[in-house]
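In what follows, a structure is listed as structure tokens, so that the remarks can point back to it.
The values are calculated or read from the model by the stated rules, or taken from the named source; none is laboratory data. Owing to the predicted nature of the structure, the values given are computational and were not obtained by experimental measurement. In this analysis, Cβ positions are derived from the backbone assuming ideal geometry, glycine residues included, and neighbour counts consider all displayed protein chains.
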Amino acid sequence: MSRGLRTRLPGSRTKAFKTAIGLFIGLVWFLPFVGVLIESIRPYEEVSNGWWRMDQLHLTLVSYVKIFSGTTLPMAGPLWNSFFSSVLGALFPILLGSMAAYAFARQWLPAKTVVIVIILCLMAIPAQMIAIPAFRRLYALGLLDTYTGVILMNTVTSLPWIMFFMMNVIRMQDVQIEEAGIIDGASDYRIFRSIVLPQCGPSLISAGLLQFVWSWNTFFWPLILIFNPKKMMVTQVIPMLRGQFYTDWGILTAGATLVMVVPIIVFLAFQRYYIQGSVGFAVDK
Amino acid sequence: MRLKSSTLVFVTPALVLVFFFLLLPVGQSLVMSLFSNDGKGVFVGLKNFTNLFSDPSIFNLKNILRGHWPFGAIVNNLIWIVLHLPLSMGMGLACALILIDVPKITFVRSLVFIGMVVPGVIIGVVTQFMFDKSSGMVSNFFGLIGINSLYVSWFSHSNTALLALIFTSVWMWAGYSMIVFFAALTTIPPSYVEAAIIDGANGFQLLRYVKIPLIRRSIQTVVVMSVIMELTSFDIVYSSTYGGPGGASTVLGLQMYLEAFKYSHFSTGTAIATLMALMAAVPIYFNVRNAVRQS
């Protein structure tokens, strides 16, 4: 055996070992989701002792039919409610946040550092710390039990991180292009819209995707702000499908599948942007 | 320097919203926590806070001394941090190291990260497929290897319910530290690693003395974000155990929700919230410091 081969062997063996471990972790991490999916498409009698038992195997979509028509809360409504309020809950903070970020990055503002530090402190404040006064303020404004209230809270709670994220993005851009615009007589609004925003494209997509998914996933705000069953969001419906004494696991898993499929598709379709956003959202570059 | 009108147009909408719906509410919560629950505006000082520590659902001293569940929400949150932080970070680091060495299986990265993408309330449902006696894989695994004390529905026993939730959130959060560590590890110049190997470093020494020091900042970021998450966990608890059985798996976030929005004890609710914010102050401080240093 040649010397080169002998020294290579242990390396390739550890590599095979690492591949095996990696694949095993991937499998373990994914299996619970497979369990949910399988339980949603098989009759409950077959899976009551474990979804992996295959002694009897029938596939059925009856749980999906039931979740759209057989429960007191048909799922189509909440899916639509969550969808459009998440789109708006992403667009508003992205727009308002990048406007403010541009001013923070490029313009003079009194006590700018203090304002930025305060915003940073609010970035990770627990939602519980603002819940009661915010609830009362929304009540005073007549915004309880409205989509506006939920969208507003999703916007406000995400503004600090989007402002900070976009501020860093804009700062890293070449200021000369903007200066060229100023020399050509463009207004600040024109520079923001035609130079700064287009240059931030990928970062805006990252932030928008993350914010859409977070708005979709948010549970605390809909839980305390929405009471009318017709206006409920998907995350509110899922816990309600669990009965106190009896739970129809077919319906519950079908509902869970529908609710998680949306963010998973967004994530898989735009994976690079999504992961970049998640890393960049708090990390030093 | 002169304040331009365009600056005002750019910052006003965001700052007004942040002021009225974030900053002001934080101050109001602080003030509310010092007044009586009945809404008559009687100043009670720190009484709401001292009351929390005699409320067994928050801090159950008798059970803590006896070593019996339930211990109370604040202890549960601390247990959550102590277990979740090393486990999720260790798991994330292991995944990142493996995926860097074996680029062929990067799809594993997507699989592990899915936990961070789906809603917490769904995770609370999915967890039944790990810790339920009939359909949970972890429970059945223990049954298979003959440890019958763990071949049970973890959520219906007070001494396993919280552990099941913590392990679930490890599974959920490992993806976060994985992608952050992965991104940091890819920035390490290969020459550093090669130099260490030539000097005779083994795999562990390479990790301990070369790689980990070089990703120190990322580790700090993950610690900060994880502790904040661990202190504020609510969704998965609500949708899986609702704090049960008998309060064994309750957390501060859930107790705050119950006090404020079920029992209308607003001052108790704000006192719990303030307690949470005070506990989060340390990671928030580090977050702000890192961010200021960054920009």
Selection status of A:Asn154, within 7 Å of chain B (Cβ to nearest Cβ) and either under 28 Å from B:Arg289 (Cα atoms) or without any contact (Cβ under 8 Å) to a residue 24 or more places away in the chain (or both): no
Among the residues listed as A:Ile238, A:Ile224, the single one being facing chain B (nearest Cβ under 7 Å), crowded, with 21+ Cβ neighbours inside 10 Å and more than 19 Å from A:Leu37 (Cβ to Cβ): A:Ile224
Of residues in the stretch A:37-76 being surrounded by fewer than 16 Cβ atoms within 10 Å (Cβ to Cβ) and among the small types (Gly, Ala, Ser), the one modelled with the lowest pLDDT: A:Gly70
Count of residues meeting criterion [among the polar types (S, T, N, Q), more than 9 Å from every other protein chain (Cβ to nearest Cβ) and more than 8 Å from the chain's Cα centre (by Cα)] in the stretch B:218-233: 1
Subset of the stretch B:242-274 (residues that are outside any helix (DSSP H, G or I), within 11 Å of chain A (Cβ to nearest Cβ) and surrounded by 24 or more Cβ atoms within 10 Å (Cβ to Cβ)): B:Val251
Which listed residue, of A:Ala90, A:Ala105, is crowded, with 17+ Cβ neighbours inside 10 Å, in contact with a Phe, Trp or Tyr (Cβ under 9 Å, 6 or more places away or on another chain) and aliphatic (A, V, I, L, M): A:Ala90
Residue in the stretch A:243-280 that is farthest from A:Met75 (Cα to Cα), counting only those that are of a type in the set (S, T, N, Q) and within 7 Å of chain B (Cβ to nearest Cβ): A:Ser278
Residue among A:Ile183, A:Ile170, A:Ile224 that alone is touching a residue at least 40 places away in the same chain (Cβ under 8 Å), in the same structural domain as A:Ser86 (by TED's automatic domain parsing) and farther than 30 Å from A:Gln128 by Cα: A:Ile170
Residue count, the stretch B:77-125 (criterion: closer than 25 Å to A:Phe220 by Cα and small (Gly, Ala, Ser)): 4
Residue in the stretch A:86-131 that is farthest from A:Trp221 (Cα to Cα), counting only those that are in contact (Cβ under 8 Å) with a residue 40 or more places away in the chain and part of a loop (DSSP other than H, G, I, E, B): A:Gln107
Selected residue (criterion: farthest from the other protein chains (Cβ to nearest Cβ)) from residues of the stretch B:105-136 that are part of a loop (DSSP other than H, G, I, E, B) and touching a residue at least 24 places away in the same chain (Cβ under 8 Å): B:Thr127
Candidates B:Pro13, B:Pro103, B:Pro25, filtered to the one that is under 30 Å from A:Ala111 (Cβ atoms) and more than 28 Å from the chain's Cα centre (by Cα): B:Pro13
Flag if A:Leu210 is over 14 Å from A:Leu79 (Cβ atoms), within 9 Å of chain B (Cβ to nearest Cβ) and among the hydrophobic types (A, V, I, L, M, F, W, C): no
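Can you spot a residue in the stretch B:217-236 that is free of Cβ contacts under 8 Å to residues at least 12 places away in the same chain and either of a type in the set (Lys, Arg) or more than 30 Å from B:Leu252 (Cβ to Cβ) (or both)?
Initially, the stretch B:217-236 is screened for residues free of Cβ contacts under 8 Å to residues at least 12 places away in the same chain, giving none.
No.
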So B:Leu93, is it closer than 30 Å to B:Leu278 by Cα and either surrounded by 18 or more Cβ atoms within 10 Å (Cβ to Cβ) or touching a residue at least 40 places away in the same chain (Cβ under 8 Å) (or both): yes
